[in-house]
Amino acid sequence: MLRIASAGTPLLFSEQASAGSQLEEPLMDSVRTALNAAIANRAPPVPEFRNIESRLVYLRWLGAMGDRLKKKKPEWQIRKEFLQTVWYEAKRAGLDVTLVLGLIQVESNFRKFAVSHVGARGYMQVMPFWTRVIGDGDAGQLFQMQTNLRFGCVILRHYLDREKGDLFLGLGRYNGSRGKAPYPNAVLGASKQWEFSG
């Protein structure tokens, strides 16, 4: 059963999230400090653009992705805020937005309150230990959209950097299945559904 807390009362769902068992690994103080700084800025996720053309590409992307996500998030305003935040947090972390959407699809199937059998939470199935390691220790915040996407993108960037940009190994590390093909293949396959040629 999937459990979430809402106003102090647990709610039960039958769908499980598919997160693996991401491992808590010791971090050097410099890495911990850098990751903590990366999640600390709580600026609202408002994309900025160099010029009108890049803004128009974003708006076309937003419309196309909004149409693709309609079955998962029927209300336009919720879809728009979600996609805007994914765009912002992915770009902020230097990640491909398509990759992040593929990862979210595999991890939680776009469910904000998803909880895996190992306790990973939210859209990007962030393990609660991360809030203790680089946050304020409040794992409940992982159900907040921007917090979850911020942590997930920062952690994915960290793992990709550790693996020198190797997507296969970085994605595997994110899932706790480093070196095994099913998870990276699933994310890369899902990301193809979110490709956009503006």
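Shape verdict for the range 32-144, please, from the Cα gyration tensor: rounded (a/c under 1.5), prolate (a/b greater than b/c) or oblate. Since a/c reaches 1.5 but b/c is at least a/b, the shape of the range 32-144 is classed as oblate. Other residues with beta-carbon under 13 Å from the beta-carbon of R79 carry, at +1 per Lys or Arg and -1 per Asp or Glu, a net charge of +4. Computed extension length for K70-K112: 13.6 nm, one decimal, from 0.36 nm per residue of separation with the Cα-Cα distance subtracted.
For the range 62-142, the solvent-accessible area with a 1.4 angstrom probe is 40 square angstrom per residue.
Of the residues S191, S197, ranked by 1.4 Å probe accessible area with the largest first, the sequence reads S197, S191.
Find out how many positive minus negative residues lie around L167, taking Lys and Arg as positive, Asp and Glu as negative, among other residues whose Cβ is under 13 Å from that of L167. Here the count lands on +1.
When the surface is traced with a 1.4 Å probe over the full set of protein chains, I39 keeps roughly 10 Å² accessible. Over 15 Å, how big is the tail of the calculated P(r) for the range 107-198, in percent of all Cα pairs? Everything past 15 Å amounts to 62 percent. Using a probe of 1.4 Å, the accessible surface attributed to D161 totals some 100 Å² when neighbouring protein chains are kept in position.
Counted by Cβ distance under 13 Å from C153, the other residues give a net charge of 0, where Lys and Arg count +1 and Asp and Glu count -1.
The values are calculated or read from the model by the stated rules, or taken from the named source; none is laboratory data. Being a predicted model, the structure only gives us computed values, none of them experimental. Positions of Cβ are generated from backbone atoms using ideal geometry, with glycine treated the same way; all protein chains shown enter the neighbour counts. Ligands, DNA and RNA are excluded from the accessible area calculation, which covers all protein heavy atoms including side chains. Shrake-Rupley method; radii C 1.70, N 1.55, O 1.52, S 1.80 Å.
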